[in-house]
Structures are given as C-alpha cells and as structure tokens.
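Accompanying notes for the structure given below.
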Amino acid sequence: MFRPSLKAIAGAASIAALAAGLAACSSSGPAATGSNAVSTVSGVPTVTLMVGGIDKQIYLPYQLAQDLGFYKKYGVSVQLSTEQSGGVGAETAMVSGQVDMAGAWYVHTIDFQQKGKNVIDVVQLSGAPGERVMCGKSSGVSSPADWKGKNLGVTDIGSGTDNLTLYLAARYHLTSKQFSRVAVGAGPTFVASLQHGRIACGMTTQPTVNAIQSQGIGTSVINLASTSGAQQWLGGAYPAAGVLARADWVASHQATVQKVVDALVATMHWINTHSAADIANAMPAAFVSNGLTTKADYIAALAQDKGQFLPDGMMPASGPATALAIDKLAGNVTGSVNLASTYTNQYATAANKLEGFTR
C-alpha cells in the first residue's frame with residue numbers, strides 16, 4: 001500500500017507548483033496586464049487563464065487541452081496559471097482584471113452578481129463538484145448531523161467547498177455558529193490538518209482523497225464526485241468547474257472566447273472517449289505521480305470519478321437553479337438573481353457543431 005511520508009507529501013506542493021509554472025510557460029504570450037486588451041503573437045490571440053488548483057483532478061481539462069495541443073489547434077494561445085494556497089483566488093484575479101479568464105466554479109457568477117459584478121460562465125466542464133467529505137477515523141462523523149462543535153476543513157473561506165459545507169450543514173439544521181470552518185487548502189496542507197486533528201472532517205478532491213485513504217488517515221463520508229452523489233446530497237446536477245470571465249470582456253472578445261471554448265469542448269469529447277489511463281498519460285508527469293499519489297492511484301481515482309465531466313461543455317438544464325438553491329440555503333444570497341445572465345451555451349453549441357456533434 002502506498003504510504004508516502006509527510007516529508008514526501010510536503011514535497012508534492014513544490015512539485016505541483018513547478019509543474020504549474022511550466023504549464024504557464026508552455027503557451028506563448030505576455031503576462032496579464034489587467035487591461036481588457038488581448039495581445040497577439042503572430043496573429044494568434046493570447047488569453048490568460050488562472051485555475052483554482054491546476055493539479056487537481058476536478059480541474060484537469062484546462063491543462064489537458066494544452067497538452068493535447070487543442071488551444072493551438074483552434075487558434076488561441078492560453079497562458080495557464082494556478083492559484084496558490086492563501087493567495088488570490090482564480091475568480092478574484094479574473095474579476096479584478098489580473099487575468100482574462102478563471103477556471104473556477106459556476107456559483108461564483110451568482111456571488112459576483114450579488115456584489116454588482118457581471119460575470120458569465122462561457123463553458124461548463126463538470127456536472128458534479130468532484131469533492132468528498134473526508135473524516136478522520138476517530139471523528140465519529142457519518143453525516144453532517146454530526147458536525148456540531150467540530151472543525152471542518154475547506155479550501156478557503158468563501159470558496160466553493162465552503163459554500164457546499166454551509167449548505168450541507170443547513171440541510172441538517174445546523175447553523176454556521178454550531179461548527180467552525182478552517183481554511184486548509186488541498187494536498188499536503190489538507191492531509192496534515194486531518195492527520196494532526198486540526199480538523200475532524202474536510203471537503204477535498206483527488207488526488208488528496210486517495211492520499212488520505214492510502215495512508216489510513218481517514219475515510220470518505222460524503223461523495224460529491226459523481227452525478228449520482230450530487231443528486232443524493234445536493235438534489236440535482238451541480239455545475240462546478242467551468243470557465244468564467246467578465247461579461248464586458250466576453251462581449252468585446254467573442255471570437256477569442258469561441259476559440260477557447262472550441263478547444264475545451266474538443267477536450268471534453270476527448271475525455272469522454274478515452275480511458276483514465278489515456279488521460280493520465282497525456283497529463284504532466286508531476287501531476288499524476290508525486291509525493292501525494294502514484295500514477296496507478298491517480299488513474300484508479302480518475303476512473304472512479306471521471307463521470308463528473310460533461311462530454312459537451314453544455315450547462316445542465318437544472319444546474320443553475322440547483323446552484324442558486326444551495327447558495328441561498330448557505331446564506332450567500334440575499335437579493336434577487338438573474339440566472340439567465342450568469343451563463344451561456346452560445347459558445348459550447350457552436351463548438352459542438354464544429355466538432356460534428358449536435359444536440
């Protein structure tokens with residue numbers, strides 16, 4: 001059984017950061033300037049896109065599109081970067097103009113609208129959060145009803161995992177004052193927090209989930225990594241990972257947005273028609289084999305959770321309403337919301353036609 005040492009796990013953070021840096025450098029173009037302008041190199045537009053944890057399995061399509069050469073194929077240079085634990089979130093970097101696009105959860109479009117900022121989801125990559133609630137073996141937790149008085153780990157306060165944690169608690173009649181949320185990130189920081197009892201449970205994704213199980217530190221209590229799990233715990237398909245951008249930026253760069261969506265929709269069809277091993281083989285080596293996971297474990301975890309990815313980049317019909325209901329129960333929505341302005345299938349529809357797929 002694979003049981004990496006804490007020293008080895010800690011090393012995974014620097015490996016992932018290095019790989020993310022290499023990914024960012026793998027596409028040409030200058031860094032983000034914070035303006036609405038998109039630079040071009042040899043006539044090819046360059047887009048900056050920050051991902052909310054580029055080495056997480058739930059966010060693998062952004063990097064996979066790069067490694068398959070799809071951004072280049074469809075005529076756009078995408079400069080990828082990743083948010084760092086404790087740093088600026090991808091969605092915040094996008095809305096402030098530090099980057100053009102964010103690889104982040106759809107729900108942020110609703111939250112930004114509440115703050116008077118118009119953000120739109122231009123392509124939807126997953127129909128389930130891809131998360132699991134992992135609990136220490138001595139936690140005594142079997143459902144959110146057991147969270148009272150405990151510390152619960154989330155990626156960051158205000159993140160998608162934070163929203164889902166608040167929602168699950170509310171469904172079991174707990175208020176946010178009856179437990180504590182602790183920002184523990186993912187990967188080595190999450191593993192260490194659970195191992196040393198800083199948190200009783202926490203919400204995280206692969207490959208962190210597998211590292212916890214492999215070391216015997218904890219077990220999965222709530223599975224949100226599949227559409228069936230989302231249906232059971234959240235009441236329906238939950239649109240998680242997508243591509244978000246400021247609505248004004250999208251309106252003024254429609255041709256460039258279409259190229260990005262073309263590349264990602266092609267990637268989603270590729271994921272749908274290839275095995276977990278094929279996907280792992282196409283990813284950067286440091287993403288699939290490091291101090292946190294072996295390649296074999298990465299493939300096994302991906303095979304189990306691959307169903308979270310949508311094959312066509314289209315927003316699930318009931319997804320926005322489910323996300324809004326969850327956000328309301330979590331206490332994040334106080335005013336009216338115009339869901340129609342938070343997403344569009346325009347670009348994904350055109351991309352599917354380009355690929356020869358029709359709905």
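Limited to the range 53-82, what total is found for residues that are surrounded by fewer than 24 Cβ atoms within 10 Å (Cβ to Cβ) and among the acidic types (Asp, Glu)?
1
Which pairs have Cβ atoms under 7 Å, sit 6 or more apart or on different chains, and link a residue in the range 230-244 that is on the phi > 0 side of the Ramachandran plot to one that is β-branched (Val, Ile, Thr)?
235/322; 236/322
Please verify whether residue 88 is open to solvent by 10 Å² or more (accessible area, probe 1.4 Å) and within 18 Å of residue 122 (Cβ to Cβ), treating the condition exactly as stated.
no
Out of 275, 226, report the one residue that is touching a Gly at 6+ places or on another chain (Cβ under 6 Å), surrounded by fewer than 22 Cβ atoms within 10 Å (Cβ to Cβ) and of a type in the set (Gly, Ala, Ser).
Result: 226 is the single residue among 275, 226 that is touching a Gly at 6+ places or on another chain (Cβ under 6 Å), surrounded by fewer than 22 Cβ atoms within 10 Å (Cβ to Cβ) and of a type in the set (Gly, Ala, Ser).
Exactly one of (1) small (Gly, Ala, Ser); (2) assigned to a helix (DSSP H, G or I); (3) within 28 Å of residue 324 (Cα to Cα) is unmet by residue 185. Its number?
So residue 185 meets the others, but not (2).
When only residues in the range 266-287 that are among the aliphatic types (A, V, I, L, M) and touching a Pro at 6+ places or on another chain (Cβ under 8 Å) count, which is nearest to residue 312 (Cα to Cα)?
The selected residue is 268.
On the basis of being farther than 30 Å from residue 291 by Cβ, touching a residue at least 40 places away in the same chain (Cβ under 8 Å) and part of a helix (DSSP H, G or I), does residue 209 make the cut?
no
The values are calculated or read from the model by the stated rules, or taken from the named source; none is laboratory data. Being a predicted model, the structure only gives us computed values, none of them experimental. Quick reminder, even Gly has a Cβ in these numbers, built from the backbone with ideal geometry, and neighbours come from all protein chains shown. In case anyone asks, the SASA skips ligands and DNA or RNA and just uses the protein heavy atoms, side chains included. Shrake-Rupley method; radii C 1.70, N 1.55, O 1.52, S 1.80 Å.
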